[in-house]
1. Considering only residues that are under 20 Å from L78 (Cβ atoms), out of contact with any Lys or Arg (no Cβ under 7 Å at 6 or more places or on another chain) and in a helix (DSSP H, G or I), which ones fall in region 25-50?
2. Within region 82-93, does at least one residue satisfy the condition of being over 21 Å from I30 (Cα atoms) and either surrounded by fewer than 17 Cβ atoms within 10 Å (Cβ to Cβ) or in contact with a His (Cβ under 6 Å, 6 or more places away or on another chain) (or both)?
3. Taking A143 as the residue in question, decide whether it is at pLDDT 95 or above, out of contact with any Lys or Arg (no Cβ under 7 Å at 6 or more places or on another chain) and either outside any helix (DSSP H, G or I) or on the phi > 0 side of the Ramachandran plot (or both).
4. Please state which one of L100, L126, L80, L105 is part of a helix (DSSP H, G or I), more than 25 Å from I172 (Cβ to Cβ) and within 17 Å of the chain's Cα centre (by Cα).
5. Which of the residues that make up region 35-52 are without any contact (Cβ under 8 Å) to a residue 40 or more places away in the chain and surrounded by 11 or more Cβ atoms within 10 Å (Cβ to Cβ)?
6. Just a yes or no: is a residue in region 139-154 open to solvent by less than 40 Å² (accessible area, probe 1.4 Å) and either in contact with a strand residue (DSSP E or B) (Cβ under 7 Å, 6 or more places away or on another chain) or of a type in the set (D, E) (or both)?
7. Given the criteria over 26 Å from D57 (Cβ atoms), modelled with pLDDT under 95, open to solvent by 70 Å² or more (accessible area, probe 1.4 Å) and among the acidic types (D, E), does E161 qualify?
8. Quick one: F70 ticks every box in (1) open to solvent by 10 Å² or more (accessible area, probe 1.4 Å); (2) hydrophobic (A, V, I, L, M, F, W, C); (3) over 12 Å from G141 (Cβ atoms); (4) over 11 Å from the mean Cα position of the chain (by Cα) bar one, so which box is it?
Amino acid sequence: MIDALYHDYANWLLESSDLVEELKGLNSTIYERFKYVIEVLEFLYNKKIEEKQLSTDEGNIFETGFYYLFDAFENIKLLLEHDYNGDVQLLNQHANTVILLMDTLDFQNELIGAIEEPNEQHMQSLIDIEHEILAILEKQGDAPKELHEKLDNVTEGIYKELSMDYYPINNIFFDIADELGLI
């Protein structure tokens, strides 16, 4: 594992700690969604500092978790700046819609990562939902229940058609946190 990754993580922590701490202080469901990824990364980073190395599996977990967290928080920061004028509390009022967006992006990434050439129709249906959610967030609104159901139906159909199982990365990190004794 290249040490630059750990330096990037340390820099990300410095740049993002205020936002993470503010979400945590608000008991935000946005923070809760990433809580175990954050905790596992912190644990592995501290282990790397103390022991100077991680196992290959630990290094892969760290790399995967960091890139996932980095991308997710970049999207949250864009929303915060573009649609909420930096007001974390106002963004948090629409946490369920923000999480719906994060779920949609996760599904897109999962499809891209799982299949060499994702079906254009599948991707377009997810992109359409993403655009619907972004339009709602731009108006600082909440996604209706029907949009949540639409995402569920679309993703269920995609996964059934492709005979794939989906296990969200935040759930994977919950399992890892449990295995590391962090829960």
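The values are calculated or read from the model by the stated rules, or taken from the named source; none is laboratory data. Source: prediction; values computed, not measured. FYI the Cβ positions are ideal-geometry reconstructions off the backbone, even for glycines, and counts take in every protein chain you see. For accessibility, only protein heavy atoms count, side chains too; no ligands or nucleic acids. Shrake-Rupley method; radii C 1.70, N 1.55, O 1.52, S 1.80 Å.
1. Going through region 25-50, the residues under 20 Å from L78 (Cβ atoms) turn out to be 26, 28-31, 33-34, 37-38.
With out of contact with any Lys or Arg (no Cβ under 7 Å at 6 or more places or on another chain) added as a condition, the list becomes 26, 28-30, 33-34, 37-38.
Within region 25-50, T29, I30, R33, F34, V37, I38 qualify.
2. In the first step, residues of region 82-93 are kept if they are over 21 Å from I30 (Cα atoms); the result is none.
No, the conditions are met nowhere in region 82-93.
3. Spelling it out, A143 is indeed at pLDDT 95 or above, out of contact with any Lys or Arg (no Cβ under 7 Å at 6 or more places or on another chain) and either outside any helix (DSSP H, G or I) or on the phi > 0 side of the Ramachandran plot (or both).
4. None of the others qualify; the one that does is L80.
5. K35, I38, L41, E42, L44, Y45, K47
6. If we filter region 139-154 for residues that are open to solvent by less than 40 Å² (accessible area, probe 1.4 Å), which is where we start, we get 141, 143, 147, 151, 154.
Pick out the ones that are also either in contact with a strand residue (DSSP E or B) (Cβ under 7 Å, 6 or more places away or on another chain) or of a type in the set (D, E) (or both) and you get none.
Checked region 139-154: no residue is open to solvent by less than 40 Å² (accessible area, probe 1.4 Å) and either in contact with a strand residue (DSSP E or B) (Cβ under 7 Å, 6 or more places away or on another chain) or of a type in the set (D, E) (or both).
7. yes
8. (4)
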